[in-house]
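Structure, as structure tokens:
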Amino acid sequence: MRVVITGMGIYSVIGKNLAEVKESLYAGKSGIIFDPIRKEMGFRSALTGMVDKPQLKGILDRRMRVGLPVQGEYAYIATLEALKNAGIDQPFLDAHEVGILYGNDSSAVPVVESIDILREKKDTMMIGSGYIFQSMNSTVSMNLSVIFRLKGVNFTISGACASGSHALGIGYLLIKQGLQDIIICGGAQEINPESTASFDALNAFSIRESEPTKASRPFDRDRDGLVPSGGAASLILESYDSAIQRGATIYGEIIGYGFSSNGEHISMPNVAGPVKAMQKAILDAGIKPSDIDYINAHATSTLAGDSNEAKSIDLIFNQSRPFISSTKSMTGHEMWMGGASEIIYSTLMMNHSFIAPNINLEHPDESSAHLNIVTQTTPAEIRTFLSNSFGFGGTNSSLIIHRV
């Protein structure tokens, strides 16, 4: 069974919808800011991606809003756009078995706020009813399945910074096996100090605070850490037969999914794991490395991560040398969302015949000097692209998308 993308929706630090995001990608526009609140709270780095909190009053009734954390709100807006983009309305959802698989690996604020209330009031009855639904890891899939009255598969993929990618991968497998026709897949990441304080404590973030938009610099020898970010991305995955029957627009076809575990350090990446994930995706797709026109690298702007990914890409693609960029240079590291949003970013490039730049790459390091990294917006016909997502615990995911 062929699996295609028939809808996309995005709520990102580089745009609140597909049109805005496409323009930002083309312009190489950064969504990174300096957040003074983080500095006041004692953060080593006050850099972050930032997006406005959605205003859902008047769009979604209070009974549905009460259980949504901020990343759930992002996901709701992204899913509305994805469904509209796919030509799917509520009567269709009511009449068909549509599922949801969403990547999410934290929901910090509701946990912090509910415990603050408990410690202050010494009474669990003072904790609002919405906190339990906001604080669970499955909060996004849980809430959206109820809001959209979905009747298909319904669970959350928790795979660190590969969560969104794995959600798409599992959705692809379920549809490929004929178990579902349509699944809403995506990833969501909260943007707040509470969710990133422990990362800051690891000295993981860039401290280039005087130049926020230049702080995220994947593959650059002068990079000094990643920049946290977030938002939500939703994609409608559908069997090819269902899409044709509906007369849906097809934006791309998922032809390969590869995965692996490094089996080593909990936070330090290696080379062998990413190589295996990419090789599995290529094998699943039934193509050759030379068939890949573009790679959206995971590259988060960390020293070890970027270097090891560059080495792993070079091992497989040293003969064909496809175009490469990391959109995290513009968005920062969207964490649980990134594996889904980067499929949307790359699909927009594929459908509009350009490659977005890896901004802030002034001096490639030794490992990435061999790669064909794009530093300026480049016109290109992309037929097939690969997108990498890696996460803590050594989880790796690679997806390959083909233009139909």
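Number of residues in region 14-34 that are buried (at least 22 other Cβ atoms within 10 Å of the Cβ) and more than 24 Å from Pro379 (Cα to Cα) equals 1.
A residue that is in contact with a Leu (Cβ under 9 Å, 6 or more places away or on another chain), of a type outside the set (A, V, I, L, M, F, W, C) and surrounded by fewer than 20 Cβ atoms within 10 Å (Cβ to Cβ) occurs somewhere in region 262-282.
Within region 1-45, the set of residues being part of a helix (DSSP H, G or I) and either under 30 Å from Arg246 (Cα atoms) or at pLDDT below 95 (or both) comprises Leu18, Ala19, Glu20, Val21, Lys22, Glu23. Checking Asp200, Asp241, Asp222 one by one, the residue that is surrounded by fewer than 24 Cβ atoms within 10 Å (Cβ to Cβ), within 28 Å of Pro269 (Cα to Cα), out of contact with any strand residue (DSSP E or B) (no Cβ under 9 Å at 6 or more places or on another chain) and of a type outside the set (A, V, I, L, M, F, W, C) is Asp222 and no other.
Among the residues making up region 355-375, a single one is touching a Gly at 6+ places or on another chain (Cβ under 8 Å) and of a type outside the set (A, V, I, L, M): Pro357.
Could you list, in sequence order, the residues of region 173-218 that are hydroxyl-bearing (Ser, Thr, Tyr) and farther than 23 Å from Tyr76 by Cβ?
First pass over region 173-218, keeping only residues hydroxyl-bearing (Ser, Thr, Tyr): 195-196, 198, 206, 210, 213, 216.
Ser198, Ser206, Ser210, Thr213, Ser216, listed by residue number.
Taking the criterion of being assigned to a helix (DSSP H, G or I), under 23 Å from the mean Cα position of the chain (by Cα) and among the aliphatic types (A, V, I, L, M), the residues of region 54-94 that qualify are Val70, Ala75, Ile77, Ala78, Leu80, Ala82, Leu83, Ala86.
Criterion first (in a helix (DSSP H, G or I) and either in contact with a helix residue (DSSP H, G or I) (Cβ under 8 Å, 6 or more places away or on another chain) or without any contact (Cβ under 8 Å) to a residue 12 or more places away in the chain (or both)) does Met278 satisfy it? Reasoning before the result, please.
Working: in a helix (DSSP H, G or I): yes; either in contact with a helix residue (DSSP H, G or I) (Cβ under 8 Å, 6 or more places away or on another chain) or without any contact (Cβ under 8 Å) to a residue 12 or more places away in the chain (or both): yes.
Yes: the conditions hold for Met278.
Taking the stated definitions as given, is Ala215 within 11 Å of Ile32 (Cα to Cα), at pLDDT 95 or above and buried (at least 17 other Cβ atoms within 10 Å of the Cβ)?
In short, yes.
The sole residue among Asp306, Asp291 that is surrounded by fewer than 24 Cβ atoms within 10 Å (Cβ to Cβ), at pLDDT 95 or above and of a type outside the set (Ser, Thr, Tyr) is Asp291.
Remark: pairs (first residue in region 65-86, within 17 Å of Ile5 (Cβ to Cβ); second residue aromatic (Phe, Trp, Tyr); Cβ separation under 6 Å; 6+ apart in sequence or on different chains) = Ala78/Tyr11.
Of the residues making up region 22-50, just one is farther than 30 Å from Ala201 by Cα, out of contact with any Phe, Trp or Tyr (no Cβ under 7 Å at 6 or more places or on another chain) and among the hydrophobic types (A, V, I, L, M, F, W, C), namely Ala27.
The values are calculated or read from the model by the stated rules, or taken from the named source; none is laboratory data. Computed from a predicted structure; not experimentally measured. No Cβ is skipped: glycine too gets one built from the backbone with ideal geometry, and neighbour counts run over all protein chains shown.
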